[in-house]
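As structure tokens, the structure follows; a few thoughts come after it.
The values are calculated or read from the model by the stated rules, or taken from the named source; none is laboratory data. Small disclaimer: the values here were computed from a predicted structure and weren't measured. So basically every Cβ, Gly included, is an ideal-geometry build from the backbone, and we count neighbours across all protein chains shown.
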Amino acid sequence: MESVFTSVLKYLREVYLGVKSILTSCFTALPYLFNRRSGDLHKEVTEQYPDPVSSRTADDLPSRSRGLLFNDIDRCTGCKACEEICPTKCITVENELGTEASKVWVAVFDIDMSRCMFCGLCVEVCIPQSLVHTKEYEGAAYYPRDLVISFGRGRITPEQRTKWAAIRQAKEAEETL
Amino acid sequence: MKPWMSAWDGLDVFPAGTPEWAVAASIVGFVYFFVIMPGAGFMAFLDRKISADLQARIGPNRVGLAGLFQPLADLLKLLQKEKRIVSGWREAFWLGLHTMALYSTVAVLPLGSMFLLVDTDMSAFMLFWAALILALGTMLMGLNQGSIPGWFGGIRVASQALAGAFPAMIGMICVGLRAGSFRWSAVAAAQGSSPLHWTVFSDPFQFIAFFVFLASGMVLLGISPLDGGLSVPDIHGGVSSHLYGRRLSLFRLGRFYGFFLWSEIAVVLFMGAWNLPLFVTDAIRNYSTPVALEAVELLVLLVKTGLVMLGVTWVARANPRIRADQITDMAWKVLSPLSLMALIGTTVWMIWVNH
Amino acid sequence: MKSGGFHLSTIDKVLSWARSSSLWYVTTGGGCCADEILAAMGPRYDLERFGCVQQIDPRQADLLIVTGLISYKAATHLRALYDQMPAPKYVMCLGSCATGGGPFAPEFSYGVVPGADRIVPVDIYVPGCPARPEAIMNGLITLQEKIRGHQRSHPQA
């Protein structure tokens, strides 16, 4: 049984401790308000993205960061390895026979970024190393169809197809001679 | 001129023969649209910027100059929101109470030596009751939601208002003891322009009374960080959880007004009101119009009020929100005994030290 | 504006400026994009610079950010969330799961909705898995431009 005097002292002590803890947190937060440059802790850390001040651009990202995909269609062989391995089936490749027998005409090379999961498997299996992850990340679109990135050379018409077949046969004939 | 309007005689802005109601209405409208609403916007902006700064962020900075128009954009957006009719009698009551509290207390607000429309022996208590009415309206608003957050919020607001009213009243009485009246002019006349002559520094017990008064007002009105009735993490915004659009903007304005009201009472009662140094007052009287003097006094008062509000915001942003039961605990078990101690101490000080 | 648009009066411009610059958002909070939203809210990327504040209640929100995959069971709740928001409201579809099912697309999983646009009208799609905070902000700016009435053509379209 403690005396009244002790309990009053205890009560006042608790009030004092409460006020002290509130003031402590207030004065801990105060240096942030004045943005003191004494240490990294008290600085504003915000990267103001669209503004050039204190924002990192895509080039500042780590070298192995995986952004939107890019395919160098001149080096692409249309081997469909990426299409095979893609876990989300977001790559569509359609090939046509080109003017040369050794090089296919990659008519359609569509990457549906709305389903891509940026796993990087397609880049790993790409033998000619034409498919790469850029560091680009700005791809917001108003319609899902805008999220499909097309790298293909375009579909060919039936006339072109017969014409190219003729060229190809002529070349083959030259080689066999 | 009615006797209660005699304080306005010095302001020669109204032509002779203007009816009293027109004078009163135009003054209330002026204060409402040119003092309170821009003040609400500016303080909301400062609040967001300061809380952003304390968190090492930047805060709104893309709307207007350094984000200054952010509250305006918020208001305009809220006004455009679709209206869905879900009204009950409690909400109508809340709307009525808020409108009453917003407009009627503007007439009683002390805004300068000549800006005292109603200067009676009970002036200080009228604003105190306005704060209680705001709390009552907020409680009814919460109960009107018909949802669990709303009910919990309403009950918390009611319990906080009950807990905070008693110490706030006692703190106010401490000032009345010193000034000898609750008349705004008497309270202001009992203090000087220098901080040494403010009530808050006149004796140690008034110092305690000031902080008790401020804190219990925050409890009464549910101002952050003592806003258990509106806490977001546990009851999803409580009273304001289902408000949107125009009603949300009115609710936010009402809450700001409560905060402003209380800070201003605290400034007038404890922090030297609108008092300017005597030579400044004389100089303005001699070389300019009473309107200029009134404007300077209003400015001084508003700056002091703003500083008090910023101080409270600072405490609120640097400390976590306090749990609802701890708030009422604090109000009953700490603020109430301290206020009584301050009252007794002030009385004893006035008898033994001052005389 | 391009053809098919209409001239906005000054008042409309001001009102749409207000709508675009105070997009209070509510998130569905699923998947790893939700973590990126938390990162974007925080001090490092500070979404509040755009006037965006997170709201607890959909009634106070203007922007619904759909993150993570949507199962058929969750679809009704997503629709309820959208229906609770009062009228000038926008939906942002964040990441592959919400936009097209991602790795959980209907070809692989029977319980997944192939895209949030089957349930709610979507205004802006942000690719990424998960989208970087910068990408979220880019989507936000693109949405603001849409609200203000000058749509820009997609850089890749």
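Take the conditions more than 15 Å from the chain's Cα centre (by Cα) and of a type in the set (A, V, I, L, M) and apply them to C:ALA39. Does it pass? Yes, satisfied. Cβ separations smaller than 7 Å between residues 6+ apart or across chains give the following pairs from segment A:80-98 residues that are within 13 Å of chain C (Cβ to nearest Cβ) and over 15 Å from A:ILE127 (Cβ atoms) to residues that are among the acidic types (Asp, Glu) and outside any helix (DSSP H, G or I): A:LYS89/C:GLU107; A:CYS90/A:ASP112. Taking the numbered list (1) among the β-branched types (Val, Ile, Thr); (2) under 18 Å from the mean Cα position of the chain (by Cα); (3) at pLDDT below 90 in turn, B:VAL212 passes all entries but (3).
Of the helices (runs of 4 or more DSSP H) contained entirely in segment C:1-107, those carrying at least 2 residues that are within 14 Å of chain B (Cβ to nearest Cβ) and touching a Leu at 6+ places or on another chain (Cβ under 9 Å) fall at C:10-21, C:31-41, C:72-84. Please find, among B:ALA161, B:ALA135, B:ALA124, the residue that is in a helix (DSSP H, G or I) and more than 18 Å from B:PHE251 (Cα to Cα). Exactly one of B:ALA161, B:ALA135, B:ALA124 is in a helix (DSSP H, G or I) and more than 18 Å from B:PHE251 (Cα to Cα), namely B:ALA124.
State yes or no: is B:SER216 more than 14 Å from every other protein chain (Cβ to nearest Cβ), within 29 Å of B:THR138 (Cα to Cα), crowded, with 24+ Cβ neighbours inside 10 Å and of a type in the set (Ser, Thr, Tyr)?
Values: more than 14 Å from every other protein chain (Cβ to nearest Cβ): yes; within 29 Å of B:THR138 (Cα to Cα): yes; crowded, with 24+ Cβ neighbours inside 10 Å: yes; of a type in the set (Ser, Thr, Tyr): yes.
Criteria met by B:SER216.
The residue of segment C:132-157 that is modelled with the highest pLDDT, among those that are more than 7 Å from every other protein chain (Cβ to nearest Cβ) and closer than 26 Å to A:GLY120 by Cα, is C:ILE136. Screening B:GLY146 on (1) at pLDDT below 80; (2) in a helix (DSSP H, G or I) shows it passes everything except condition (2). Kindly establish whether B:VAL239 is farther than 14 Å from B:SER113 by Cα, touching a Leu at 6+ places or on another chain (Cβ under 9 Å) and modelled with pLDDT of 80 or more. Taking the combined requirement at face value, the residue satisfies it.
Considering each of B:THR313, B:THR289 in turn, give the residue that is surrounded by fewer than 18 Cβ atoms within 10 Å (Cβ to Cβ) and of a type in the set (Ser, Thr, Tyr). I'd like the intermediate steps shown before the answer.
Values: B:THR313 fails: surrounded by fewer than 18 Cβ atoms within 10 Å (Cβ to Cβ).
Every option except B:THR289 fails the conditions.
Return yes when B:LEU97 is at pLDDT 85 or above, more than 8 Å from every other protein chain (Cβ to nearest Cβ) and either farther than 24 Å from B:LEU307 by Cα or part of a helix (DSSP H, G or I) (or both) and no when it is not. Even if it seems obvious, please write down each step before you answer.
Values: at pLDDT 85 or above: no; more than 8 Å from every other protein chain (Cβ to nearest Cβ): yes; either farther than 24 Å from B:LEU307 by Cα or part of a helix (DSSP H, G or I) (or both): yes.
In short, no.
Can you spot a residue in segment A:157-170 that is modelled with pLDDT under 90 and in a loop (DSSP other than H, G, I, E, B)? Within segment A:157-170, one or more residues are modelled with pLDDT under 90 and in a loop (DSSP other than H, G, I, E, B). How many of the residues in segment A:110-134 are within 14 Å of another protein chain (Cβ to nearest Cβ) and over 16 Å from A:THR88 (Cα atoms)? Adding up the residues that qualify gives 2. When each of B:VAL353, B:VAL334, B:VAL303, B:VAL348 is tested for being surrounded by fewer than 21 Cβ atoms within 10 Å (Cβ to Cβ) and at the interface with another protein chain (Cβ under 10 Å from one of its Cβ atoms), the lone residue that passes is B:VAL334.
Being β-branched (Val, Ile, Thr), within 26 Å of B:SER336 (Cβ to Cβ) and more than 20 Å from the chain's Cα centre (by Cα) is the filter here, so list the residues in segment B:137-165 that pass it. Across segment B:137-165, the qualifying residue is only B:ILE155. Against the condition over 25 Å from the mean Cα position of the chain (by Cα), within 9 Å of chain C (Cβ to nearest Cβ), modelled with pLDDT under 85 and crowded, with 21+ Cβ neighbours inside 10 Å, how does B:ARG57 come out, does it pass? Yes; evaluated as a whole, the condition is true for this residue.
Return yes when A:LEU97 is of a type outside the set (S, T, N, Q), at pLDDT below 90 and more than 33 Å from the chain's Cα centre (by Cα) and no when it is not.
Values: of a type outside the set (S, T, N, Q): yes; at pLDDT below 90: yes; more than 33 Å from the chain's Cα centre (by Cα): no.
So A:LEU97 does not fit the description; no.
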